[in-house]
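J.: My questions all concern the structure below.
Nothing in this text is a laboratory measurement; each read-out follows from the coordinates by a stated rule. These numbers were taken from a predicted model, which means no experiment stands behind them. Here Cβ is always computed from backbone atoms with ideal geometry, including for glycine, and neighbour counts include all displayed protein chains.
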Amino acid sequence: MNIRLKTILLTLVAATRVAFAATDSATFLVDFGPAGRTTTAADHLGRQWNNVTSLGPLAAAAIKDISGSTAGGVTLAIPQQFGASSLNGLGSEVVYTYTAASDFFYVQRNTGATSPVASIALGGLDTTGATVYDVKFFTSSNRQLPQKYITEFTVLNQGDARVVELEAVRNDRNIARIDGLAPRADGTLAIEVRVGADSDSGTVGFGGIGVLELVARAAGSEPSPDEPVRSVLDLGGTPNPPAEASDANPEGLRAYVWETADPYLNRAGAAELLRRAGFHVEPLPLDRPPYDPSGDPEDDVDLIFIGSFVSDSPEYAAYMAEYADYLDDYIDRAGFLVQMTQNDSTEYRPPFLPDTQDATRVDNDFQKAIVLSPDHPLMANIPLTEGEGAGAKPTFSYLLRTDGGQHGTNTIWEAFGSFAGFEVIVAGDERARFPGLMEGAYGQGRFLLAAMGLDKVFNASTGEEVAPESMAAFNAQFFKNLYDYTALVRDRATPPITLTPQPGEREVSDGAWTLVLLPDTQIYSQNYPGLFSAQTSWIRDNLRRYNIRYVLHLGDITNTNSVAEWKNARGAMAQLDNVVPYAFVTGNHDHGPGGNAATRDTHLNSYFKYETYASWPTFGGAMVEGDMQNTYHLFNAGGVQWIVLCLEWAPRNEVVDWANTIMERYPDRKGILVTHAFMNNTNWRYDINDTAHAQDYNPHHYTTPGTMNDGEELWQKLVRKHNFVMTVNGHVLGSGVGYRVDNNDAGQPVHQMLSNYQMRTLGGEGYLRLIQFQPDGRTVKVQSYSPVYDGFLLADTQDFSFDLPLGATDSNGDGIFDYYAPELDSNGNGISNYDEYVLHGTDPWADGAANYDRIHAGDTYESITGYVKENPARFDLYTESMLAHLYPESRLLRAADGKATLQVKVRISDDLKTWRDADAAPVEWETDLPDDKVFYRIELSR
């Protein structure tokens, strides 16, 4: 093969070969890549480039040196073509220029095949021996580790072949080189480009070249230096102010900066913006803590500034793994840390956050930023636009670019999707659901999290300042404010933070009620039972606040169907017993050995016993008496009669038949179907016959015995035929969310919803779903809330509303439905519907007996009294075990002269909490005191 290649090269270059003068030295730079990204202008070092956009074969043609001259006679050819070209370089390369380093030609090796070879021929080289050549290669790929993108470069020179390899994955600076090459007798160097033996990107391997550098130098001289690494900290022309107080730096402030050229706009500029504001700027040391742990905090740097999208750099994860806790401590020592926007896929949650705060990013961008704290010092003199409408907040916006390209209007870029413990200064909406700038306090210091790319002001390749006028105007004032605020932090003189309440918090409207969903608690039951109990105890404690009328568990109650997990699950759900009615279904993990669903065996009925639930007034029945796997439940809420149909994992045909009979029995009730697997996270129902959409975790993919039905089969056989208005399920991993709406056979919408949080930290971070039915009889608001964080998820897949007309009655047409109308007393108990439903909520009589208790016991005086007596602890009353025995010496029982005297005084309460004296006078009782008696039991009857 080498002989054949040599013959080709001789043919191609013989006619154009020009011998280099023995004393000449020159450098040639070649950019390989598609025509859409070429290096046509001089780079940041003033050098001219050659562009090769043809994959080949390409005949020999003269190339220019970095001064732009072709007088040296050097040529380049591509005898054997490349497979394809790509723009998928890393984008944040710090060697060569961006347009050259971020694209490449490549060859591809398929599994089991021999690697194809592309070749490059350099001709017109000096053959006298007075000149030698250094050849350098660069390639960068935005693929992720552990993929390997290794290229093998072989250079055929005089007398031998020399080989070097280069890894391209996440490479922003490494260059492969072979020095001191002597051309062959025909004045050529032949370069072969092939896939490295260890290159592996799944089922294929790749090898490529983005930049070729050829340096001619005198024989015996030192090899040419590597391409200098560009430091984005050097962008801009402002001299670095002294570290001590001076005219340029009046407060003597020092800042550590870590910034890189981002892979989206290839920009940077934080260091220059800070120098302009007055800071003395130094690079953040990446090999040690940002302060001396044994030193005086007064000697710490005043500001640590982490630039936009540094999280995309190869060093970021390693640095944070080693030093994130030190950043936390730095803040505690009266430090000030500022982090600009980051990629939500490489940094979902800032790793340096103290335990007192939390924040996560989402992929949401906003053209306009709303200022929620206009009086914050960082907003001083910022040019703002008045909000539209009465009470509206002021806004601002700026452009990142004016050419209409991607990300150009992202004032807020990669917003935060949740937070706790911050003052939100700027957000994408007035509810602070998507913060863009927020401040936290920890110890003696402060930290600022931003979802803005304020530092994207210089082209990192050319050094040109490219910030549009609107962005430059904003930055000039903002960084001045940042300088002043840093001094306040250093001096412990910052104003107090006003914590922003959770944006998901909504006042529960009069007449609204809530349905709570508990999806996939399997990891809690297995590893974190306290999180499961945190969910149910929150439901119990917030029953009245949210007017919670029912709770539905969506299956995968356990992870491995083990006894220990079922015990944990029962303990958590027991907090809701006799508090609020709930229903549940099994998931695949609740069946079979180890939860593998290979059988339908489950411990469900041993811990969630039929006898317990069959006595509940909301329990409608079960398909099989004694078995809680397939049940239905009846309740009233919001002036509407409801039926909840709970079906087993992968419902069998006979279960579907039974479900049809139940729904036919209650045609006027609004139906909710609960089953573990119905909707997928693609917003499509599971459908084993649908090959166009993903079917991961479809029930049919399991070995569960018997017939089974997936979501589409349940839709066709059951849901569309009846008065269902909603289906809810868990099961699906990934995003764990899905939603769609389709009309049933009667033309009524059926809202289908997937919610599952188990892929989050700790198996779900305690998130549950709140479905709030509004008093307009049609609006339904959906939220995802965690009692662990006391916070809501704010992405539009987690916080949304939909329209569901339910047909509640409004007799007089005043817009207030009868079930909470103040002028109505539908049950004739002397308490208006409004007081019962709104003021007292789940305790409509305000007597301590919840609605559930009253339905369970009955509405007579005797039944309620009996219920209170049977459950005294629920009403904060003394139980028999809490009573102490009465001794003669007790103040309640007076013993004197051989007699015991007891005085009984009657008190009255309307609510079992507040008591008042009765009108009757105290009653005194007296009896002889036998010597051999110590204890007395006193019984009262009415």
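J.: Scaled to the compact-protein estimate 2.2 N^0.38 Å, what is the alpha-carbon radius of gyration of the stretch 2-218, rounded to two decimal places?
T.: Output field value: 0.96.
J.: I've got another one for you. Given 567/609; 64/456; 721/781; 393/456; 609/721, which pairs have Cα atoms separated by over 24 Å?
T.: In this structure, 64/456; 721/781; 393/456; 609/721 exceed 24 Å between Cα atoms.
J.: For the stretch 282-394, what mean projected area does the convex hull of the alpha carbons give, in nm²?
T.: 9.5 nm²
J.: Per residue, what volume in Å³ does the Cα convex hull of the stretch 508-602 take up?
T.: Value for the stretch 508-602: 82 Å³ per residue.
J.: Sequence neighbours fewer than 8 away in the same chain don't count; with that in mind, list the aspartates and glutamates whose C-alpha is under 17 Å from residue 670.
T.: Within reach: 742, 745, 776, 803.
J.: A further question follows. Which value results when the Cα radius of gyration for the stretch 734-819 is divided by 2.2 N^0.38 Å?
T.: Normalised by 2.2 N^0.38 Å, the Cα Rg of the stretch 734-819 equals 1.34.
J.: Assuming a ≥ b ≥ c are the square roots of the Cα gyration tensor eigenvalues, decide whether the stretch 712-760 counts as rounded (a/c under 1.5), prolate (otherwise, with a/b larger than b/c) or oblate.
T.: Prolate shape, in that a/c is at least 1.5 and a/b is the bigger ratio.
J.: Still on this structure, I have one more. Given a Förster radius of 45 Å and the C-beta distance between residue 222 and residue 296 as r, what FRET efficiency does 1/(1 + (r/R0)^6) yield to the nearest 0.05?
T.: 0.45
J.: Under the rule a/c < 1.5 gives rounded, and otherwise a/b versus b/c splits prolate from oblate, where does the stretch 206-316 land using the Cα gyration tensor?
T.: Prolate is the answer for the stretch 206-316, as a/c is 1.5 or above and a/b outweighs b/c.
J.: Which label marks the calculated value of Rg/Rh (Cα atoms, Kirkwood Rh), given the options (1) 1.11; (2) 1.26; (3) 1.05?
T.: From the options (1) 1.11; (2) 1.26; (3) 1.05, the structure gives (1).
J.: Working from the pairwise distances between different alpha carbons, so that the mean of 1/r is found and then inverted, what is the stretch 259-311's Kirkwood radius in Å?
T.: One decimal place: 12.8 Å for the Kirkwood radius.
J.: What is the set of long-range amide H partners of residue 738 at a cut-off below 5 Å, with H atoms built 1.01 Å from backbone N?
T.: 754
J.: For the stretch 761-768, take each phi angle, set θ = phi - 60°, evaluate the Karplus expression 6.51 cos²θ - 1.76 cosθ + 1.60, and give the result in whole Hz per residue in order, putting x for glycine and proline.
T.: 3, 6, x, x, 6, x, 5, 9
J.: Along the Cα-to-Cβ line of residue 720, 7 Å from the Cα, sits a label point; which residues in the stretch 686-714 have backbone N less than 12 Å from it?
T.: 712-714
J.: Continuing with this model, one more query. Using only Cα atoms and rounding to the nearest 10 degrees, what angle (0 to 90) does helix 653-665 make with the longest principal axis of the chain?
T.: 50 degrees
J.: Using the count of nearby Cβ atoms within 10 Å as a rough guide to exposure, how do 262, 172, 818, 742 rank from fewest to most?
T.: Least to most surrounded, the residues fall as 742, 818, 172, 262.
J.: If I fit a long axis through the Cα atoms of helix 529-541 and take the longest principal axis of the Cα atoms of the chain, what angle between them do I get, 0 to 90°, rounded to 10?
T.: With both axes taken from Cα atoms, the answer is about 50 degrees.
J.: Rounding to the nearest 10 and keeping the result within 0 to 90°, find how far the Cα-based axis of helix 2-13 lies from the longest principal axis of the chain.
T.: 70 degrees
J.: Quick check: the distance between the Cα centres of the stretch 391-430 and the stretch 239-259, to the nearest angstrom?
T.: About 29 Å separates the Cα centre of the stretch 391-430 from the one of the stretch 239-259.
J.: Could you give the radius of gyration (one decimal) and Dmax (whole number) of the Cα atoms in the stretch 514-803, in Å?
T.: 17.2, 48
J.: List the residues whose amide H sits under 5 Å from the amide H of residue 727, counting only those 5 or more places along or on another chain, with H placed 1.01 Å from N in the peptide plane.
T.: 673, 751, 752, 753
J.: Give the peptides 439-446, 687-694 in descending order of average Cβ contacts within 10 Å, highest first.
T.: The packing order, highest mean first, is 439-446, 687-694.
J.: Ordered by residue, what ³J(HN,Hα) values in Hz, to whole numbers, does the stretch 68-73 give under the Karplus form 6.51 cos²θ - 1.76 cosθ + 1.60, where θ = phi - 60° and Gly and Pro are x?
T.: With coefficients 6.51, -1.76 and 1.60, one gets x, 8, 10, 5, x, x Hz.
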